[in-house]
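These notes concern the structure reproduced below.
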Amino acid sequence: MKKTKNTKRLANMLLKNYVLSYFGITVFVLIFLVTTLLVALALYININRLDINDAAKIMKDNYKEIDTTEIEKLNGFLEIVDSSHKVIYRKGNNPLNTTQYTPRMYYEMYEIFNNETKQMQALVGYDKLEKKYVFSTAYNKDKDFLLVIAVPEKEYFRSLVYERKLTPKNYLLVVIALNILMFIVFFLIVSRITSKNLTKPLKLLTKGAREISKGNYDARIELKSKNEFGELRDAFNNMAEKIAVERTLKEKAEENRKNLILDISHDLKNPLSSILGYSEYILKDSNLSQEEIIKYIETIRQNSERANKLIMDLFEFSKLESSEFKLNLVKQDICEFLRELIAVYIPQFEDKNIDYEFDIPEESAFIEFEAKNLDRALSNLIINSIKYNSQNTKVIIKTYVADNFLQIIIDDNGIGIPKSMQEHIFNPFVRVDASRNSESGGTGLGLAISKEIIEKHRGTIELQSDTDKGCKFIVKLPIN
Ligand code: ATP
Ligand code: MG
């Protein structure tokens, strides 16, 4: 279900991209049309007015030199009128063939139209013309004549027709080139957007993977994405996190292994050198008395026992730690088992004058456990409570069921274990009294073995303690 939802997210992004591209193309087409039009206006057609309406511009002292081709092309005419209003020169076709201007006509041409740029009204005198004409006049002061240009209105407007600057073929080439250019720009933009959404996350992921392969396990991927790339980022970061944790664990395990070897050799060194020393002493000195020999052999025996216990414990601990180790679980009454176990230690409690109180339910409680190993685990807790505490200490052992767990509590009010050591006390070779030669001190493997056995039973062991506040070991074993 979740997967479908997630798949939609990338699909949504792609859909968004497509829709954007679609609108982009539409906008592009619009821009293209407008540009084409603008280019057409700018390049293809060009408004080119003839100067026929501006007589002053084409004025020349020698009026015969005035170029009249355009005027004649448009069916217009040019007339030169002297100061006596007589038409002295004409080019083009004046349908009225005027030879003499009336004073009114001359006045109008001179006063009103002189130097005015555009006028398109038929005038007095020329109102008889069949077509309407556009007039323009200019007066030549030096040569004292009036220049009159007239072009039929229709032709005049036709002359304003836009002129082509480019040939159709060139125009088409320009438009196509412009079109291609704009398409390139458009697709560059679209590919940029797509790249931002698709290639950027991929690049970041590749970079992260490279960092990890280089051994930089702190590398994390920073990517703001809610789609599959976001999931990939999370999976990647989780993986990196796990690798980092695994690596730390591995380093720690390696260090523990080294320390274990150091501890073993250290703990074996003392009894072994003692054994070696005393046996050499007995062998070399023939003057030793019988009692002395017995005393030394006793020391040798004690040290052998110590070395043997260490080796046996170590062997047991390694066996428990090996992946092949399997408990031989049997469903049996744990209460009965506990009563029998505790009974064994009553003489030791009494010998050391340690107060005890046991609270084991009368009724049976059947759970699966292996008697031999659980005996080993719990015995160590009971022996510790006797071994490390002085007389008049009170030890309470009780059992009850809570939350599907059978809880076994071994609680004493003795010297306790400092809070700072609680975290490590279940590690092999950890002892509160660091001096390893101490007579009372064991191997420091007891609690490590107890913990392994209890965990093999899918249970837990926990310690609540502090210096002078005693130790409370809470063992929980699953009922089912
Ligand atoms: P082993 O059990 O192999 O003979 P050990 O008793 O030294 O050796 P653990 O049983 O692991 O090893 O105990 C570790 C240390 O914890 C002990 O050396 C002791 O200092 C301390 N300790 C354990 N139980 C108690 C207790 N009930 N009261 C005070 N200290 C304790
Ligand atoms: Mg012990």
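The numbers here are math on the coordinates, done by the rules we state, and not lab data. The structure presented is a predicted model; accordingly, all values stated were derived computationally and were not measured. No Cβ is skipped: glycine too gets one built from the backbone with ideal geometry, and neighbour counts run over all protein chains shown.
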*Treat each spin label as a single point 7 Å out from the Cα along the C-beta direction, and report the Thr26 to Arg257 distance in nm.*
6.8
_Residue exposure sequence - Ser273, Ser385, Ser304 - by fewest surrounding Cβ within 10 Å_ = Ser273, Ser304, Ser385
*Looking at this model, which pairs from Lys250/Lys476; Lys319/Lys451; Lys60/Lys91; Lys16/Lys196 are more than 21 angstrom apart at the alpha-carbon?*
Lys250/Lys476
*Separation of segment 211-249 and segment 330-347 by C-alpha centroid, Å?*
51
*Would you please state which residues of segment 372-390 a label at Glu305 would reach in this model, taking the label point 7 Å out along Cα→Cβ and a backbone N cut-off of under 18 Å?*
380, 383-384, 386-388
*Relative to the longest principal axis of the chain, what angle (0 to 90°, nearest 10) does the C-alpha long axis of helix 446-456 take?*
60
*Please work out the Kirkwood hydrodynamic radius for segment 131-256, using every pair of different C-alpha atoms, and report it in angstroms with one decimal place.*
22.7
*Any chance you could give the angle, 0 to 90 degrees and rounded to 10, that helix 334-351 forms with the longest Cα principal axis of the chain?*
60
*With everything on Cα atoms, drop me the angle between helix 168-213 and the longest principal axis of the chain, reported from 0 to 90° to the nearest 10.*
10
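Give me the number: length gained by fully extending Ser213 to Ile282, i.e. 0.36 nm times residue separation minus the C-alpha to C-alpha distance, one decimal in nm.
Values: separation 69, 0.36 × 69 = 24.84 nm, distance 6.29 nm.
Once the chain is fully extended between Ser213 and Ile282, it gains 18.6 nm.
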*Size of electric dipole in the chain: Cβ of Lys, Arg +1 and of Asp, Glu -1, about Cα centre, debye, nearest 20*: 3420
*In nm, to one decimal, how far is the modelled label at Glu111 from the one at Lys224, with both set 7 Å along Cα→Cβ?*
8.0
*asked:* Quick check on the chain: helices-only [θ] at 222 nm, where DSSP H runs of length 4 and up contribute -39,500 (n - 2.57) each and the sum goes over total residues. Nearest 500, please.
replied: -17500 deg cm²/dmol
*Would you calculate the separation in nanometres between label points at Leu202 and Leu14, each defined as 7 Å from the Cα along the Cα-to-beta-carbon direction?*
1.3
*Could you give the length gained on full extension between Thr35 and Leu327, defined as 0.36 nm per residue of separation minus the Cα-Cα distance, in nm?*
96.5 nm
*Please go through the residue pairs Lys242/Lys456; Lys269/Lys331; Lys214/Lys326 and name each one whose alpha carbons sit more than 31 Å apart in this structure.*
Lys269/Lys331; Lys214/Lys326
_I need Ile71, Ile261 ordered by Cβ neighbour count within 10 Å, fewest first._
Ile261, Ile71
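In whole Å and largest first, what semi-axes does the C-alpha gyration tensor of the chain yield when each eigenvalue is scaled by 5 and square-rooted?
Those come to 125, 26, 19 Å.
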*Between the alpha-carbon centers of segment 269-288 and segment 298-316, tell me the distance in whole angstrom.*
17
